[in-house]
Amino acid sequence: MIKQVNQIAIPVKKMERAVQFYKEHLELKLLFETNQMAFFDCNGLRLLLSIPEKETFAHASSVLYFEVSHIEKSYERLMKNGVIFISKPHLVAKTDDVETWMAFFEDSEQNTHAIMSEVLTK
């Protein structure tokens with residue numbers, strides 16, 4: 001029945017600061033924004049930044065794993081953009097023919113996310 005995830009919401013405290021982070025630091029395309037929401041395109045998946053309507057929803061989001069082709073190059077570029085990483089790129093899993101690498105960072109609203117890259121070894 002379910003075909004795919006279409007949109008993910010990320011709670012924010014300060015919209016202007018969050019929009020700047022996702023637009024300028026992560027270089028995601030801003031689709032449009034309102035007073036309480038901003039929508040970004042992430043290769044067909046919409047990221048919705050929103051100020052929570054109720055305190056119940058004002059908690060950190062799930063970890064988003066942004067796929068990149070070259071983790072070291074992406075890590076360096078994002079650091080130059082002002083992204084603060086809480087870990088350097090490191091190997092997290094290895095199968096016979098694939099290595100999975102990740103580096104974790106916090107956005108402007110203290111949500112933890114990661115860049116990840118899967119590298120074919122054969």
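We did not get these values from a lab; they are worked out from the coordinates using the rules stated. The model shown is predicted, which means the values in this text are computed figures rather than measured ones. Neighbour counts are summed over all protein chains in view; Cβ atoms, including those assigned to glycine, are modelled from backbone coordinates with ideal geometry.
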In region 4-78, the GluC sites (Glu not before Pro) that sit in a DSSP loop and have at most 15 other Cβ atoms within 10 Å of their own Cβ are E27, E53
From the Cα centre of region 69-113 to that of region 18-53, the distance in Å is 20 Å
Once Y65 and D41 are pulled to full extension, the length gained, defined as 0.36 nm per residue separation minus their Cα-Cα distance, is 7.2 nm
The exposure ranking of M1, M15, fewest beta-carbon neighbours within 10 Å first, is M1, M15
Rounded to the nearest 10 degrees, the helix 71-80 long axis (Cα) sits at an angle to the longest Cα principal axis of the chain of 40 degrees
Expected max-MSF residue from S61, S50, S69 in the GNM of the chain (alpha carbon, under 10 Å) is S69
Placing +1 on each Lys and Arg Cβ and -1 on each Asp and Glu Cβ in region 7-120, then taking the dipole about the Cα centre, the residue among A18, L64, V98 whose Cα reaches farthest towards the positive end is A18
Largest first and rounded to whole Å, the semi-axes √(5λ) derived from the alpha carbon gyration tensor of the chain read 27, 17, 14
A correct Stokes-Einstein calculation for region 53-97, using the alpha-carbon Kirkwood radius, 37 °C and 0.692 mPa s, returns a whole-number D in µm² s⁻¹ of 243 µm²/s
Check: in the chain the Lys pairs 8 or more apart or on separate chains whose Cα atoms fall under 26 Å apart number 22
The chain: relative contact order from alpha carbon pairs under 8 Å, six or more residues apart, as a whole percent, is 24 percent
GNM of the chain, Cα pairs under 10 angstrom: of L78, L47, L91, the biggest fluctuation goes to L91
For region 13-23, in residue order, the Karplus 3J(HN,Hα) values (coefficients 6.51, -1.76, 1.60; θ = phi - 60°; whole Hz; Gly and Pro = x) are 9, 10, 4, 4, 5, 5, 4, 4, 4, 5, 7
